[in-house]
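Please treat every number below as a calculation from the coordinates, not as lab data. The model shown is predicted, which means the values in this text are computed figures rather than measured ones.
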Amino acid sequence: MAVCFLVFSNWKISQRRAEFRVQIEAFKKGIQVLEEKNAQLRAGISQTGKESYWEEKIRQEGYKKPGEEQVVVLPPEKNKETKTETGKSFWQRFLEKIGF
């Protein structure tokens, strides 16, 4: 009976050890991800000390230097044919003019 108890206890301990190993690996991966993010944040912090970084941020907000002109490029409108009062599109009128 004592042997069965020891075998069962050993088996339970082995299961717990395996569970802990899985948790340790998950924690190691989490630490690695956090260290990479930390490195990215530190690089970003070092960039904020540069004047060119702040100039770019300010320009993204729409500000300009004195004497400069600002150009805004609008996206193209959706391609839609304009129709006249008669309901004919530009291309239909064009083909009629050239004799088709």
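Return the single residue from LYS78, LYS29, LYS57 with maximal mean-square fluctuation; model: Gaussian network over the chain, springs between Cα atoms under 10 Å. Top of the fluctuation ranking is LYS78. Remark: region 7-19, residue by residue, has Karplus-estimated 3J(HN,Hα) of 5, 4, 4, 5, 5, 4, 5, 5, 5, 4, 4, 5, 4 Hz, where x stands for each Gly or Pro and the curve is 6.51 cos²θ - 1.76 cosθ + 1.60 at θ = phi - 60°. Calculated [222 nm] ellipticity per residue, helices only, for the chain: -22000 deg cm²/dmol; basis is -39500 (n - 2.57) per DSSP H run with n ≥ 4, divided by all residues, nearest 500. In the chain, the C-alpha radius of gyration followed by the widest Cα-Cα span (Dmax) gives 35.1, 107 angstrom.
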